[in-house]
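Take a look at the structure below.
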There are 2 protein chains.
Amino acid sequence: MRIPILKLGKYLLISIQVELDDQTAIQFQEDLLNRIHQEGSQGIVIDLTSVDMIDSYIAKVIGDVVKMSNLMGAKVVLTGIQPAVAITLVEMGVSLNEVHTALDLEQGLETLQQELEG
Amino acid sequence: MRIPILKLGKYLLISIQVELDDQTAIQFQEDLLNRIHQEGSQGIVIDLTSVDMIDSYIAKVIGDVVKMSNLMGAKVVLTGIQPAVAITLVEMGVSLNEVHTALDLEQGLETLQQELEG
């Protein structure tokens, strides 16, 4: 079970609409980093609208994906973070200083455009 | 196994990155029509870049999805159609007179914008 990664111009879009088990999350991390490398993507929107809750491991993976993507030169915007997801991310000490957030996919793309194109 | 449907503003984006078995295809048809109804979407891009080949049943389902979406008032753009997929669609007599096509997701969105916004 792989999470589809959509390429839209210079950006990658991901909408997580399945329950994120450990295996799926790690596969997603690997797939995303490979795609950033292949496509030379500068910006990524990860939409979590359909994710009701996450456990501590998934919170760590999400934090890692953001840091790794930043290291590779891609900005990440997380969108549609629900209350329970926000709580777990903060409680697990996932540092999201570097992360931009937005309400939905459309606003996430706008945020990326503002960040990258000034 | 459900195919994720992404909402981007007024449009729905779908990138098919799994092998389309009969069950998945019918589930997708149902999910998409429900989303069009819920969101009042006017335009849909279905990206087939990752689909190497389809059988006659899937060709029929794709043709049906396009017709049903049109009936509900949404324009459909198919993108990234590979040679073997094009061959099956035509051989199965799937009438794609009403369908717009484009090279990739980005150009598909541009096609929709031109169609809908003049």
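The values are calculated or read from the model by the stated rules, or taken from the named source; none is laboratory data. This is a predicted model, so every value here is computed, not measured. Every residue, glycine as well, gets a Cβ built from its backbone with ideal geometry; the counts of neighbours run over all protein chains shown.
Here are a few things to note about the model shown:
- Test: A:Thr88 is part of a helix (DSSP H, G or I) and in contact (Cβ under 8 Å) with a residue 12 or more places away in the chain: yes
- Here B:Gly40 fulfils each of the conditions (1) within 11 Å of another protein chain (Cβ to nearest Cβ); (2) exposed (fewer than 14 other Cβ atoms within 10 Å of the Cβ) apart from (1).
- Considering region B:1-14, the residues that are aliphatic (A, V, I, L, M) and within 13 Å of the chain's Cα centre (by Cα) include one that is farthest from the other protein chains (Cβ to nearest Cβ), namely B:Leu12.
- Of all residues in region B:17-37 being modelled with pLDDT under 95 and within 19 Å of A:Asp47 (Cβ to Cβ), the one that is surrounded by the fewest Cβ atoms within 10 Å (Cβ to Cβ): B:Val18
- If you go through region B:57-85 and keep only what is among the hydrophobic types (A, V, I, L, M, F, W, C) and in a helix (DSSP H, G or I), you end up with B:Ile58, B:Ala59, B:Val61, B:Ile62, B:Val65, B:Val66, B:Met68, B:Leu71, B:Ala84, B:Val85.
- Of residues in region A:105-118 being surrounded by 16 or more Cβ atoms within 10 Å (Cβ to Cβ) and in contact (Cβ under 8 Å) with a residue 12 or more places away in the chain, the one nearest to the other protein chains (Cβ to nearest Cβ): A:Leu105
- Residue in region A:43-87 that is surrounded by the most Cβ atoms within 10 Å (Cβ to Cβ), counting only those that are within 14 Å of another protein chain (Cβ to nearest Cβ) and touching a Gly at 6+ places or on another chain (Cβ under 7 Å): A:Val45
- Residue in region B:101-111 that is on the phi < 0 side of the Ramachandran plot and in contact with a helix residue (DSSP H, G or I) (Cβ under 9 Å, 6 or more places away or on another chain) present: yes
- Residue within region A:100-118 that is under 18 Å from A:Leu32 (Cβ atoms) and assigned to a loop (DSSP other than H, G, I, E, B) present: no
- Residue match in region B:60-71 (condition: touching a Phe, Trp or Tyr at 6+ places or on another chain (Cβ under 7 Å) and under 16 Å from B:Pro4 (Cα atoms)): no
- A single entry from A:Gln27, A:Gln17 fulfils the requirement of being among the polar types (S, T, N, Q), in a loop (DSSP other than H, G, I, E, B), over 26 Å from A:Gln114 (Cβ atoms) and within 13 Å of chain B (Cβ to nearest Cβ): A:Gln17.
- Whichever residue in region B:30-56 is in a helix (DSSP H, G or I) and among the hydrophobic types (A, V, I, L, M, F, W, C) and, among such residues, is nearest to B:Glu115 (Cα to Cα): B:Ile36
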